Amino acid sequence: MTKAAPRELAQLTPIEQLRAGRLPLRLVQLFAGLTLFGAAMAGFVRSGLGLAPWDVLHYGVTLHTGLSLGTVVIVFGFLVLLLWIPLRQMPGLGTIANVVWIGVSADIGLALLPEVHGLPAQLALFAGSLLVNGLGGGMYIGSQLGPGPRDGLMTGLHARTGVSLRLARTGVEFTVLVIGWFLGGIVGFGTILYALAIGPVTQFFLRFCIIELLPARTTAQAPAATP
């Protein structure tokens, strides 16, 4: 029995992403994934055990501005997109949706989730949020409608400077983590656990979430013209 080939992400321009077929399904999965991602962000905050590096920065800024976490996420998302310009990166529909909807979902999650007390409850909420975060990330990446603004920044730095993707990601995330820590963002062992676990968790869910696109129509596939 022949084993099915694993699904793979396609390398597409923003226009090709929209023309790749199965768009209604991909849009539903995109927004479902972004909603879960934002809800997980709220869960990490309520657990009090530590945030992802970018969210340490976001949360630190909320403490000094009075803005909601979701609003800060949206503002920083658009600021990061401005950095795409010298890197010659082109945002897709999913990139713009990522900027806006994760912030909205995070604020809704914070309004619905109560604070938890006691280490067992905190650990349970953190672990659940980590799984939800990985699933949400796998879903929005698997919709193949463009990377998030922060992911695109790292891949853009890699493409334009020749710096390894790992070094670009580490450098950017370490920088925002340190700035966020000085601003009072939540840093804890959960921050380290997130950094170690989110890659494998997202990769696990991603293999089930990649939506296979319709094959490109070629001249050979096109029907012959009638005489």
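What net charge is computed for the residues neighbouring GLU212, neighbours being all others with C-beta under 13 Å from the C-beta of GLU212, Lys and Arg scored +1, Asp and Glu -1? Don't jump to the answer; show the numbers that get you there.
On the way: positive: ARG7, ARG22, ARG26, ARG207; negative: GLU8.
Overall, the nearby charge balance is +3.
Let me know the whole percent of all Cα-Cα pairs from the chain that are separated by more than 33 Å.
Across the chain, Cα pairs with separations above 33 Å total 19 percent.
If packing is taken as the mean number of other Cβ atoms within 10 Å per residue, what is the order of 159-166, 22-29, 106-113, highest first? Present the calculation step by step, with values, prior to reporting the outcome.
On the way: 159-166: 11.6, 22-29: 15.0, 106-113: 17.9.
Output ranking for 159-166, 22-29, 106-113: 106-113, 22-29, 159-166.
When all alpha-carbon pairs of segment 101-191 are counted, what percent fall beyond 21 Å?
Tail fraction, whole percent: 51.
Per residue and in Å³, how big is the convex hull formed by the alpha-carbon atoms of segment 136-186? Mind showing how you got there, number by number?
Working: hull volume 4.9 nm³, N = 51.
So the per-residue Cα hull volume is 97 Å³.
What is the chain's relative contact order, in percent, from Cα pairs under 8 angstrom and six or more apart in sequence?
Result for the chain is 37 percent.
Stretched out fully, how many nm does the piece from ARG22 to TRP84 gain, at 0.36 nm a residue minus the Cα gap?
Contour length minus the Cα-Cα distance gives 19.6 nm.
GNM on the chain, C-alpha springs below 10 Å: top fluctuator among GLN11, GLN122, GLN203?
Comparing GLN11, GLN122, GLN203 in the GNM, the peak value goes to GLN11.
Can you give the accessible area of TYR194 in Å² (nearest 10), computed on protein heavy atoms with a 1.4 Å probe?
Surface open to solvent at TYR194 totals about 30 Å².
Under a point-charge model restricted to the Cβ atoms of Lys and Arg (+1) and Asp and Glu (-1), what is the dipole moment magnitude of the chain relative to its Cα centre, in debye to the nearest 20?
600 debye
Just need the relative contact order of segment 94-227 here, percent rounded to a whole number, with Cα pairs under 8 Å and 6+ apart.
Taking the mean separation of contacting Cα pairs over the length of segment 94-227, I get 39 percent.
Hydropathy first: keep DSSP H helices in the chain averaging at least 0.5 on Kyte-Doolittle, then drop any whose Cα extent along the axis falls short of 20 Å, and list what survives.
Helix filter hits for the chain: 23-47, 69-87, 93-112, 119-142, 165-182, 189-209.
For the chain, build the charge dipole from Cβ charges (+1 Lys, Arg; -1 Asp, Glu) around the Cα centre, then report which of PHE204, VAL99, ALA10 sits farthest towards its positive end.
Sorting the options by dipole projection puts first ALA10.
Within segment 80-97, list the residues whose amide N lies under 17 Å from a label point set 7 Å along Cα→Cβ of THR161.
Output list for this probe position: 80-89.
Would you kindly derive the ³J(HN,Hα) couplings of segment 7-18 from the backbone phi angles with the Karplus curve 6.51 cos²θ - 1.76 cosθ + 1.60 (θ = phi - 60°), listing them in order in whole Hz, with x for Gly and Pro?
5, 10, 6, 8, 8, 10, 6, x, 5, 5, 4, 6
Using only DSSP helix segments of four residues or longer, with each worth -39500 (n - 2.57), what per-residue ellipticity at 222 nm results for the chain after dividing by its residue count and rounding to 500?
Numbers: 9 runs with 159 residues, N = 227.
Helices in the chain give a 222 nm mean residue ellipticity of -23500 deg cm²/dmol.
Quick check on segment 1-104: what does the Kirkwood estimate of hydrodynamic radius come out to from the alpha carbon pairs, in Å?
15.8 Å is the Kirkwood radius here.
Considering only protein heavy atoms and a probe of 1.4 Å, how much of the accessible area of segment 1-142 is carbon and sulfur, as a whole percent?
70 percent
Anyone know which of GLY180, GLY21, GLY92 comes out most mobile in the 10 Å Cα GNM of the chain?
Looking only at GLY180, GLY21, GLY92, the biggest GNM fluctuation is shown by GLY21.
With an 8 Å cut-off on Cα pairs and a minimum separation of 6 or more residues, tell me the relative contact order of segment 1-104 in percent. Intermediate results must be reported in sequence, preceding the final value.
On the way: 57 pairs, mean separation 37.7, N = 104.
About 36 percent, as a whole number.
The values are calculated or read from the model by the stated rules, or taken from the named source; none is laboratory data. Note that this is a predicted model, so its numbers are computed, not measured. Note that we place each Cβ from the backbone using ideal geometry, even for glycine, and neighbour counts take in every protein chain shown. Heavy atoms of the whole protein, side chains included, go into the accessibility calculation; ligands, DNA and RNA do not. Shrake-Rupley method; radii C 1.70, N 1.55, O 1.52, S 1.80 Å.
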